[in-house]
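Read-outs throughout are calculated quantities, based only on the coordinates presented, and are distinct from any laboratory measurement. Values in this document were obtained by computation on a predicted structure and should not be read as measured data. Positions of Cβ are generated from backbone atoms using ideal geometry, with glycine treated the same way; all protein chains shown enter the neighbour counts.
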Amino acid sequence: MSPADKPVRVGMLGCGVVGSQVARLLLEDTAELSTRAGVKIELTRIAVRSIKDYPGLDPALFTTDPFSIVNDPEIDLIVEVMGGIEPARELAMTAINNRKSIVTANKALLASHGADLFTAAYAKGEDIYYEASVAGAIPIIRPLRDSLAGDFVTRLMGIVNGTTNYILTKMHEDNREFADVLKEAQALGYAEADPTADIEGFDAAAKAAILSGLAFHTRVTVDDVYREGISKITLEDVAIAKSMDHVIKLLAIAELTPADEISVRVHPVMIDKSHPLASVRDAFNAVFIEAESAGPLMFYGRGAGGQPTASAILGDIVAVSRHIALNSIGQRETDYADRDIAPIETTKTKFLIRLEVEDKSGVLAAIAKVFADQGVSIQTVDQNGRNDDAELIIVTHRATEGELKATVEALKKMSMVTKISSVIRVEGAIS
Ligand code: HSE
């Protein structure tokens with residue numbers, strides 16, 4: 001019997017919001033997906049924490065023992081949709097050592113233990129596919145790993161967290177407070193179980209690690225990613241961004257520096273309204289890539305939710321099943337470039353600094369001198385008078401994070417500066 005005559009037997013780990021959709025669609029569409037793969041795909045077992053009634057799914061499929069699946073010699077392909085690091089890591093490693101390929105949606109696992117898993121999988125000649133781990137339904141892993149394998153990525157910027165994009169959209173469009181919109185995002189099911197993972201940028205940082213590793217052929221972990229969330233963004237910041245024809249977005253940014261290091265970071269950014277990412281609203285995600293030959297590319301779609309995420313997983317199941325049937329594997333991620341991670345202090349960007357100062361002669365000159373002393377060039381200054389005080393909104397030319405930090409520290413020490421209200425990075429022209 002040739003490999004293509006033998007069905008590919010799939011074992012699933014987890015059956016939550018995403019897993020239940022994968023199981024449902026895989027069973028509903030088995031015939032067509034099998035035709036696309038060139039081999040019959042069979043959903044054989046599903047491991048869950050506790051067995052309950054899953055409508056449309058045969059109770060005989062379920063077990064509470066995930067190791068019985070990864071150790072089952074009859075199973076060829078493991079679909080890991082349980083999330084978290086342990087026991088997902090141990091299960092995936094056991095599966096690989098037992099010569100099974102992996103399809104996973106687990107960004108946290110890949111962003112911390114990706115190197116070990118890839119090394120083990122390649123040593124055994126197995127695939128690890130993970131299209132659903134970043135930006136849900138959006139094809140972005142394979143475009144980076146496969147389609148752009150002949151090009152050189154120089155920069156990527158992504159809106160890769162739906163919850164924060166939803167919150168920022170509502171703050172901009174409906175003038176609503178952060179905390180109020182967060183509750184709504186949680187009720188709509190966008191937020192992670194612990195909303196800190198979304199709001200403070202941990203979820204986006206894991207995704208930034210995965211994308212930048214692929215883009216720059218280097219192992220990047222979540223610990224390499226500089227991270228700030230959106231919890232300090234106020235409606236005043238939003239109003240200023242609007243008045244300058246910008247919007248505030250939580251961006252994952254990864255770029256090559258002039259020293260050929262990788263600068264990888266997640267933080268709020270004021271982005272010019274004319275940039276394609278500025279029009280990505282609500283819980284949608286998008287990734288904007290710049291590559292030497294391709295130029296700019298943008299990938300847009302739903303970054304979360306059961307069925308959209310299942311779409312990416314099913315695509316991986318079809319691709320990996322085909323490889324199993326043909327006794328081959330797909331394009332691999334590579335780490336040959338082994339680039340260093342740039343310290344955040346050396347990263348260059350533009351900044352907007354909003355501060356409250358005493359409104360008297362010499363203040364502006366003294367503040368301008370602090371910027372000049374640190375080598376930070378000012379692009380624009382706006383002043384709004386308020387009785388004895390004034391609000392200054394200063395936008396700089398590109399400066400390093402280190403220079404900016406030193407400037408802010410010096411400003412804080414000035415008696416005429418009563419408050420530094422916000423410091424926000426800027427992408428695109430302010431004019
Ligand atoms: N909580 C994530 C988001 C889900 O809001 O985008 C997908 O990782």
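With neighbour counts taken as other beta-carbon atoms within 10 Å, the residues Glu131, Glu427, Glu32 rank, fewest first, as Glu32, Glu427, Glu131. Against the chain, whose longest principal axis comes from its Cα atoms, helix 202-216 is set at around 80 degrees. Scanning the chain for chymotrypsin sites (Phe, Trp or Tyr not before Pro) in DSSP loops with at most 16 neighbouring Cβ atoms within 10 Å leaves 153-335 as the longest stretch between them.
Exposure proxy for Thr164, Thr407: other Cβ atoms within 10 Å of each Cβ, ordered fewest to most, give Thr407, Thr164. Which value, in debye to the nearest 20, describes the size of the charge dipole of the stretch 233-327 about its Cα centre when Lys and Arg Cβ atoms bear +1, Asp and Glu Cβ atoms bear -1, and nothing else is charged? With only Lys, Arg, Asp and Glu charged at Cβ, the dipole is about 460 debye. Estimated purely from DSSP H runs of n ≥ 4, each contributing -39500 (n - 2.57), the mean residue ellipticity at 222 nm for the chain is -10500 deg cm²/dmol once divided by its residues.
If you plug the beta carbon distance of Ala368 and Ala60 into 1/(1 + (r/R0)^6) with R0 = 56 Å, you get a FRET efficiency near 0.15.
With no solvent and one point on each alpha carbon, what is the Debye value of log10 I(q)/I(0) for the stretch 368-423 at q = 0.13, 0.17, 0.19, 0.27 Å⁻¹? After summing over all Cα pairs, the log10 values are -0.32, -0.55, -0.68, -1.28. Contact order, relative form, for the chain: 17 percent (alpha carbon pairs under 8 Å, 6 or more residues apart, mean separation divided by residue count). Applying a DSSP loop filter and a limit of 16 other Cβ atoms within 10 Å to the GluC sites (Glu not before Pro) in the stretch 40-87 leaves Glu74. For the chain, the longest principal axis of the C-alpha atoms and the axis of helix 401-412 are separated by about 40°.
Springs between alpha-carbon atoms under 10 Å, Gaussian network over the chain: tell me which of Ala254, Ala137, Ala366 tops the mean-square fluctuations. Looking only at Ala254, Ala137, Ala366, the biggest GNM fluctuation is shown by Ala366. Can you list the trypsin sites (Lys or Arg not before Pro) in the stretch 39-79 that are in a DSSP coil and have 13 or fewer other beta carbons within 10 angstrom? Of the trypsin sites (Lys or Arg not before Pro), the ones in loops of the stretch 39-79 whose Cβ has at most 13 other Cβ atoms within 10 Å are Arg49, Lys52.
Could you compute the FRET efficiency for Thr234 and Ala115, with r as their C-beta to C-beta distance and R0 at 56 Å, rounded to 0.05?
Once rounded, the FRET efficiency stands at 0.90.
The alpha-carbon of Lys273 sits under 13 angstrom from the alpha-carbons of these aspartates and glutamates, leaving out residues fewer than 8 places away in its chain: Asp245, Glu427.
For the Cα atoms of the chain, what angle does the longest principal axis make with the long axis of helix 88-97, in degrees from 0 to 90, nearest 10? Helix 88-97 and the main axis of the chain meet at about 50 degrees.
The stretch 203-272 and the stretch 77-143 have Cα centres lying 24 Å from one another.
At a temperature of 10 °C and a viscosity of 1.306 mPa s, determine how fast the chain diffuses translationally according to Stokes-Einstein, using the Kirkwood radius over alpha-carbon pairs as Rh; express D in µm²/s, rounded to the nearest whole number.
Here the translational diffusion coefficient equals 68 µm²/s.
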